[in-house]
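Structure, as structure tokens:
All of the numbers you see were taken from the coordinates with simple rules; none came from a lab. Owing to the predicted nature of the structure, the values given are computational and were not obtained by experimental measurement. Note: ideal-geometry Cβ built from the backbone for every residue, glycine included; neighbour counts use all protein chains shown.
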Amino acid sequence: GDSVTQMEGPVTLSEEAFLTINCTYTATGYPSLFWYVQYPGEGLQLLLKATKADDKGSNKGFEATYRKETTSFHLEKGSVQVSDSAVYFCALYSGGYQKVTFGTGTKLQVIP
Amino acid sequence: DTAVSQTPKYLVTQMGNDKSIKCEQNLGHDTMYWYKQDSKKFLKIMFSYNNKELIINETVPNRFSPKSPDKAHLNLHINSLELGDSAVYFCASRGGRDYGYTFGSGTRLTVV
């Protein structure tokens, strides 16, 4: 079945540092890929998405590129802020199971 | 207007009680889901309905019963609550394979 593997956290960075959260996937066919963010005490929000190979999703300074050859969708941001502290989930939808499959989440803590 | 709304936001109840959580979406989506998030932030799918028809029923105790009176509503009823049922329950809806989920803000269930 489908699966998503993302790096374990927590990840602790200083403000303005560069962020990378690794995500790799296994899926049948050509999945759509997503990053979700969950701020403390809130539900998950869609951060960005990419629906086909080589697409780049971007939002709020975050970027991720759909790499079919390495089955990866790593999340990056050039300069993190304290307000980016949250849990980030990588996810995919391949249609066969009619559901989004989530990774285990990576907690990011940004310190001033 | 909230796109996916859940009630109640918090629910504290004793073991053995029966409780319900309600979810409504005003996005016109055909597919709705219930997820359980544990204390480590792991998301586990429980159920999914597509236009009032049950399409996903994961390995969930039969004390949990979903009901979808129409495609805009998906409720979750839990009988004989146990301590292990304590978690955050999220409702979500999906508008198409390329759009991911829209989540509700969650219901924090605490069984004492």
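Take each residue in A:104-110, count the other chain C-beta atoms within 10 Å of its C-beta, and the mean is 2. Mean partner shielding of peptide B:2-14, defined as the number of other chain Cβ atoms within 10 Å of each residue Cβ, is 0.
Other chains' Cβ within 10 Å of A:39-49 residues: what's the mean? Could you put the intermediate results ahead of the total?
On the way: counts 0, 0, 5, 3, 14, 12, 4, 5, 1, 1, 3.
So the per-residue partner count for this stretch is 4.
Relative contact order of chain A, taken over Cα pairs closer than 8 Å and 6 or more residues apart, is 37 percent.
Hey, for a label at B:Ile55 modelled as a point 7 Å past Cα toward Cβ, could you say which residues of segment B:1-37 have their backbone N under 11 Å away? The answer is B:30-33.
So what is the orientation-averaged projected area of segment A:1-49, using the convex hull of its C-alpha atoms, in nm²?
Numbers: hull surface 19.0 nm².
Its Cα hull, projected and averaged over all orientations, spans 4.7 nm².
The residue list A:Phe34, B:Met32, A:Val80 was ranked by how far each Cα lies along the charge dipole of the protein assembly as shown toward its positive end, using unit charges on Cβ atoms, and B:Met32 comes out on top. For the residue pairs B:Lys19/B:Lys52; A:Lys49/B:Lys44; B:Lys19/B:Lys44; B:Lys41/B:Lys71; B:Lys36/B:Lys71, alpha carbon separations beyond 25 Å are given by B:Lys41/B:Lys71.
The alpha-carbon atoms of chain B, seen along their principal axes, cover 39, 25, 23 angstrom, with the largest extent given first.
Taking A:Lys56 as the anchor, which lysines have their alpha carbon closer than 20 Å to its alpha carbon, excluding any fewer than eight residues away along the same chain? Reachable lysines: A:Lys68, A:Lys77.
Which of rounded, prolate, oblate describes chain A, given a ≥ b ≥ c as roots of the alpha-carbon gyration tensor eigenvalues and a/c under 1.5 marking rounded, otherwise prolate only if a/b is larger than b/c? In terms of gyration-tensor shape, prolate. Computed on chain B, with alpha-carbon pairs under 8 angstrom and 6+ residues apart, the relative contact order is 37 percent.
State log₁₀ I(q)/I(0) for the protein assembly as shown at q = 0.09, 0.11, 0.13 Å⁻¹ as given by the Debye formula over alpha-carbon point scatterers of equal weight, solvent excluded. Rounded to two decimals, the profile gives -0.37, -0.55, -0.76.
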